[in-house]
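The block underneath contains the structure these notes are about, expressed in structure tokens.
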Amino acid sequence: MGVFESIAGEGHEQVLFGFDPVSGLKTIIAIHSTDLGPALGGTRFFPYESEDDALTDVLRLAKGMTYKAAAAGLDLGGGKAVIIGDPHTDKSERLFRAYGRIVDSLQGRYITAEDVGTDVADMELVRRETRWAVGIPVPEGGSGDPSPATARGLFAALKTVSERLWGTDDLAGRRVAVQGVGKVGHAFVRLLVEARAEVVATDAYEPSLRRAMDDFGVKGVEPDAIYEIDCDVFSPCALGAILNEDTIPRLSCQAVVGSANNQLATEADADRLADRGILYAPDFVVNAGGLINVYEEMRGYSRTRAMHRVDSIGEATRRILETAERESINPHQAAVRVAERRIHEIGDLRRFRRSGDDRN
Ligand code: NAD
């Protein structure tokens, strides 16, 4: 498929390719929608096997951000960026500053933050070249790493799910299988253990698993074994597309609540989960904590206000699950519907033009 067909197919507004021969920077920035506000989404640093893979990923992720921001009730659109490379070997000051200049050229249509493969230190370098970067270090006046906020939002969602399934938000004694104990997964396991839940964890990177086991005394298993763990909740906190026709039949849980983006390989997998009686808490609703946290940074960061809004993910999850029940659809469809309604209703406010709005 040609580049323009890929873009048009999902309704993206703009895609920008950036290259810096000195640092080796190869980046693609995708803006899916600015209907509700500037397109905010992190920068993924990943060794994609091909440029096509990178483009497919950034388009998919950018669209996901549109829905995430809308479902969270934020005045933000959706966008995302990828940098093609190995985050362990290819990072440099020059690369991130060149990237910052490319982000700056979009004049605030796209606002970046950290994502898989990038961290607060990288965002500080980007920020030297553009004001359109958030998730910068706390000492620099930013909100820092968004991952603990994502974990906190996930925990609020899990409590809502627990209430609906078991009539209590007390997680003591519940068994949770966590796939991926990186930045979010590690923080989430901490919250689970503090709530006296029983955790079984895995990670493809052995030192990360070892760290979680040492820090929290949780049980570890091989990556592929996590799907078959007999548990109350399966929590995907690694990469996407792990809920699919191969894995869903293997799950032995009552609910799926995890931070990973795009957990469903296809839309049909939401039905597959429902058919198996597994309650799926939509990924882009429950993992919005980090986005909410960096959004607050744009408004002048207050941790109290940010955490209050992150905790409201519990309520947002409740509303989505109720919508699903009321409208006889699965939770993923309900979340998409709620987000699209907001994009339509609030985005449409722009028809009341104000002085300073675009003149066309
Ligand atoms: P991370 O890179 O810090 O952690 C991901 C972990 O998953 C790593 O330790 C990695 O080794 C492990 N992993 C990768 N493939 C695996 C596999 N097949 N089996 C088991 N483990 C595997 O990333 P993160 O920031 O913790 O994000 C985790 C997920 O949550 C990602 O999908 C990310 O897009 C999503 N997310 C993150 C945030 C955030 O605030 N960081 C916000 C929203 C969504």
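Each value in this text was obtained by applying a stated rule to the coordinates, not by laboratory testing. As the structure is a prediction and not an experimental result, all values here were calculated from the model. Here Cβ is always computed from backbone atoms with ideal geometry, including for glycine, and neighbour counts include all displayed protein chains.
Structure summary
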{"item": "Mean Cβ count within 10 Å, highest first, over the residues of peptides 315-325, 145-155, 22-32, 282-292", "result": "282-292, 145-155, 22-32, 315-325"}
{"item": "Positive minus negative residues near residue 270 (Lys, Arg vs Asp, Glu; Cβ under 12 Å)", "result": "-3"}
{"item": "Additional length obtainable on full extension of the chain from residue 101 to residue 311, 0.36 nm per residue less Cα span", "result": "72.1 nm"}
{"item": "For residue 279, residues with placed amide H under 5 Å, excluding near neighbours", "result": "255, 256"}
{"item": "J(HN,Hα) series, segment 347-352, from Karplus relation 6.51 cos²θ - 1.76 cosθ + 1.60, nearest Hz, glycine and proline x", "result": "x, 5, 4, 5, 5, 7"}
{"item": "Distance in nm between pseudo-label sites at residue 3 and residue 299 (7 Å out along the Cβ direction from Cα)", "result": "3.7"}
{"item": "Local net charge near residue 196, Cβ-Cβ under 10 Å (Lys/Arg +1, Asp/Glu -1)", "result": "-2"}
{"item": "Loop-resident sites, segment 224-302, for trypsin sites (Lys or Arg not before Pro), counting at most 16 other Cβ within 10 Å (DSSP)", "result": "276, 299"}
{"item": "Other-chain or far-sequence residues with amide H under 5 Å of residue 201's (modelled H)", "result": "178, 219, 220, 221"}
{"item": "Rounded to the nearest 20 debye, dipole of the chain from Cβ charges on Lys, Arg, Asp, Glu", "result": "1300"}
{"item": "Residues with amide H under 5 Å from that of residue 40, placed H, sequence gap 5 or more", "result": "77, 78, 79, 111"}
{"item": "The chain, helix-only ellipticity at 222 nm - DSSP H runs n ≥ 4, -39,500 (n - 2.57), divided by all residues, nearest 500", "result": "-13000 deg cm²/dmol"}
